[in-house]
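J.: Here it is: the structure, laid out below.
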Amino acid sequence: MLKQRYLVFDRNKLEAFEDAHRSMTDADIHQEIIKPQPTLPCLARLNVRINRPQRDFAKWEFVVTRELAQPGEDPRGRNSGTPNEILYISSGYSDENVATVTDITNTGPLEGKGINSWLLDLALEHFMAFSGPDPWLKGRLTSVDRDNPRRVPFWNRHLRDPVIVHTSGEGSFLSPWVKAYNPYRTTAVAILEHQEGEALTSKTP
């Protein structure tokens, strides 16, 4: 199992903070970033857990929980919070190259900032180490967020085939999974704060 903890920042504020500390080494700048800083607000903490099966007929899992910054509180100074699950992807028991998204709910202050695309690309990297070079992604759309203008374009960026959506707002997809994160279009960035466990060994050539 691999556990990672990321801190999320406004991209412009993070770049300004880094520019103001150019006299420091990259490692020292990183240490300053992950400490509570009134001049660099932290938007959220993301906890990522990746399970790679150690036995046959077990699931690969990619699970993300989120702790948002609360008024007057910085997630960097918090020992424990109340994380909410925002992303859950897992493989089937028999089809190793198909992953299924069963939960993606990163709404609120991080919505539209590019973090979900970054998380899906991070999941894809880890899934390819498990599945090999032909990963597919499967999921369903419900009528609950039918009027969300970002929903279908978001999924179409991450899939090779177009998403099928009915007039009711329900839909589904099963398509090759492709990388789609574009850092130049995002307004937030995640910085690794802490990691436990070993990175997965890739199955790709």
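J.: Quick check: Cα centre of segment 167-195 to Cα centre of segment 118-162, how many Å?
T.: What the calculation gives is 7 Å, centre to centre.
J.: Using a 10 angstrom cutoff on alpha carbons, build the Gaussian network for the chain and name the most mobile of G114, G132, G72.
T.: Checking each option, the largest mean-square fluctuation is seen for G72.
J.: I've got another one for you. Tell me the label-point distance for the pair I29, N182, using the 7 Å Cα-to-Cβ offset, in nm and rounded to one decimal.
T.: 2.5 nm
J.: Amide H of I86 versus every other amide H placed in the peptide plane: which residues, excluding those fewer than 5 positions away on the same chain, fall under 5 Å?
T.: The list, which skips near neighbours in sequence, is V64, T65, R66.
J.: Per-residue ellipticity at 222 nm for the chain, helices alone: DSSP H runs ≥ 4 residues times -39500 (n - 2.57), over residue total, nearest 500 deg cm²/dmol?
T.: -6500 deg cm²/dmol
J.: If you don't mind, there's one more thing I want to ask. Ordered by residue, what ³J(HN,Hα) values in Hz, to whole numbers, does segment 82-89 give under the Karplus form 6.51 cos²θ - 1.76 cosθ + 1.60, where θ = phi - 60° and Gly and Pro are x?
T.: 10, x, 10, 5, 10, 8, 9, 10
J.: Give the residue from L46, L2, G139 lying farthest towards the positive end of the charge dipole for segment 2-196; charges sit on Cβ (+1 for Lys and Arg, -1 for Asp and Glu) and the dipole is referred to the Cα centre.
T.: G139
J.: Which of L120, L43 comes first, and how do the rest follow, when ranked by fewest Cβ neighbours within 10 Å?
T.: Starting with the residue having the fewest Cβ neighbours, the order is L43, L120.
J.: Taking the Cα centre of segment 2-196 as origin and charging only Cβ (+1 Lys, Arg; -1 Asp, Glu), how large is the dipole, in debye to the nearest 20?
T.: With only Lys, Arg, Asp and Glu charged at Cβ, the dipole is about 220 debye.
J.: Give me the percent relative contact order of the chain, please, defined on Cα pairs under 8 angstrom at least 6 residues apart.
T.: 25 percent
J.: Mind listing the Cα extents of segment 102-188 along all three principal axes, in Å, largest one first?
T.: If we take the Cα atoms of segment 102-188, the spans are 36, 29, 20 Å.
J.: When you have a sec, figure out the Kirkwood radius of segment 2-196 from all distinct Cα pair distances and drop it here in Å to one decimal?
T.: For segment 2-196, the Kirkwood estimate is 18.0 Å.
J.: Setting aside same-chain residues fewer than 8 positions from K138, which aspartates and glutamates have a Cα under 17 Å from its Cα?
T.: E61, D95, E96, D103, D121, E125, D161, E170
No lab work stands behind these numbers, since they all come straight from the coordinates. None of the values given here were measured: they were computed from a predicted structure. Cβ sites come from the backbone with ideal geometry, for glycine too, and all protein chains shown count toward neighbours.
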